[in-house]
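Please read the structure below before turning to the comments.
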Amino acid sequence: MTTSSPQHMEQFQAIYRRVKDEVHRIIVGQDEVVDQMLTAIFCRGHAVVVGVPGLAKTLLISTIARTLSLSFSRVQFTPDLMPADITGTEMIQEDKATGQRSLRFVRGPIFANVILADEINRTPPKTQAALLEAMQERHVTVSGQPHELPNPFFVLATQNPIEQEGTYPLPEAQLDRFMFQIHIGYPTETEEMEIVRRSATKGGVAVNKVLSAEDIAQVQGLVAQIPVADHVIRYALRLVRATRVNEPLDATLPKRPDMVRNYVAWGAGPRASEFLILAAKARSILTGSPIVTPEHVRAVAKPVLRHRLMTNFNAEADQVRPDAIVDSMLAEIPVEGTGAADRRLMETVVR
């Protein structure tokens with residue numbers, strides 16, 4: 001796939017619609033959640049999914065894995081889970097013919113394309129760190145020997161936001177490794193009625209495999225090739241740099257939004273800027289746009305930024321959530337340099 005071929009982009013959009021149709025044979029609603037999960041996958045990113053129990057987080061993730069022809073592994077995180085329970089361990093194996101003994105590496109559940117880390121905040125930091133190292137390095141090291149993980153490799157972790165007793169919340173530095181924080185909300189009345197109707201007449205519904213691992217690699221390559229105009233990059237940088245309340249303002253941003261000044265203790269780092277642009281590129285393909293626009297950046301701002309804003313005591317006292325802070329930033333931080341730059345980039349893409 002190349003960005004110079006509109007046919008390839010149209011082909012991808014048709015496949016993407018098929019993926020969503022297959023997912024919705026099992027999952028009712030949650031269009032935005034599905035979009036964000038697939039966007040993270042197409043960007044080679046990981047996501048942490050936050051939602052109360054009973055919202056089909058596990059079913060949604062496993063359904064997406066089956067639709068994409070990917071191997072799926074679920075790890076239920078508990079306080080007694082050890083790193084070796086995830087990564088694997090070496091065991092002594094005896095050759096019955098010769099009687100010789102040797103060490104054999106037994107792979108853990110992390111050796112799959114899609115890993116569901118269920119309730120990741122229920123396990124101690126040592127075990128969390130083992131998973132997060134694998135996310136970053138895409139291999140595990142046991143007894144000094146590296147073992148490569150499958151490609152593609154995605155971690156979709158879940159957290160329960162309402163029960164915090166006996167949990168180990170992920171530190172901000174570890175949360176930063178996740179490209180998206182995806183929030184799953186309650187269904188609408190119509191959607192919940194359909195959920196109940198389906199469960200009352202539940203049958204074995206199988207989903208068709210739409211994309212292979214090779215197809216996903218091609219899509220990831222297409223996302224990497226999408227060009228981005230400088231004014232779009234500058235807009236993403238203004239959003240991220242505005243959150244850094246301990247840093248001086250840039251010349252392009254005369255005033256920091258009031259909600260940022262009042263409620264943010266620490267802002268987002270450079271990884272947020274990278275993920276904003278990467279996710280905006282994937283979003284442009286999903287919407288059929290040949291170029292990346294500031295609107296694509298705005299569409300992915302919440303899942304990229306919400307877990308990277310460390311709020312202060314005032315925010316807790318006033319019950320201000322990171323999403324409200326991001327909304328104020330999108331409303332107050334201007335977009336500059338559009339128009340001619342987009343036209344020039346469009347001409348380049350067409351050629």
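Laboratory data are not the source of any read-out in this text; all were calculated from the coordinates shown. What you see is a predicted model, and the numbers here were worked out from it, not measured in a lab. Positions of Cβ are generated from backbone atoms using ideal geometry, with glycine treated the same way; all protein chains shown enter the neighbour counts.
Computed quantities for the displayed model
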{"read-out": "Mean separation of Cα contacts under 8 Å (6+ apart) over length of the range 257-329, as relative contact order %", "value": "46"}
{"read-out": "Dimensionless Rg ratio for the range 57-164, taking C-alpha atoms and the 2.2 N^0.38 Å reference", "value": "1.21"}
{"read-out": "For the chain: lysine pairs under 26 Å (alpha-carbon distance), excluding those fewer than 8 apart on one chain", "value": "13"}
{"read-out": "Over 21 Å [Cα-Cα, the range 226-350], rounded percent", "value": "38"}
{"read-out": "Hull volume in cubic angstrom per residue (convex hull over the Cα atoms of the chain)", "value": "181"}
{"read-out": "DSSP loop GluC sites (Glu not before Pro) with at most 16 other Cβ within 10 Å excluded, longest remaining stretch of the chain", "value": "166-335"}
{"read-out": "DSSP bridge orientation in the chain - percent antiparallel, rounded to nearest 5", "value": "45"}
{"read-out": "Equivalent ellipsoid, the range 261-333 (semi-axes from 5 times Cα gyration tensor eigenvalues, Å)", "value": "27, 12, 9"}
{"read-out": "Placed amide H near residue 74: partners under 5 Å, 5+ positions off or other chain", "value": "116"}
{"read-out": "Under 5 Å, built H, 5+ apart or other chain: amide partners of residue 157", "value": "47, 48, 49, 117"}
{"read-out": "Computed lengthening from residue 188 to residue 90, 0.36 nm per intervening residue step minus Cα-Cα distance", "value": "30.4 nm"}
{"read-out": "Stretch gain in nm, segment residue 18-residue 295, where the contour uses 0.36 nm per residue and the Cα spacing is subtracted", "value": "97.3 nm"}
{"read-out": "Relative contact order computed over the chain (Cα-Cα under 8 Å; 6+ residues apart), in percent", "value": "22"}
{"read-out": "Normalised contact order of the range 226-350, rounded percent, pairs of Cα under 8 Å and 6 or more residues apart", "value": "35"}
{"read-out": "Additional length obtainable on full extension of the chain from residue 208 to residue 80, 0.36 nm per residue less Cα span", "value": "42.4 nm"}
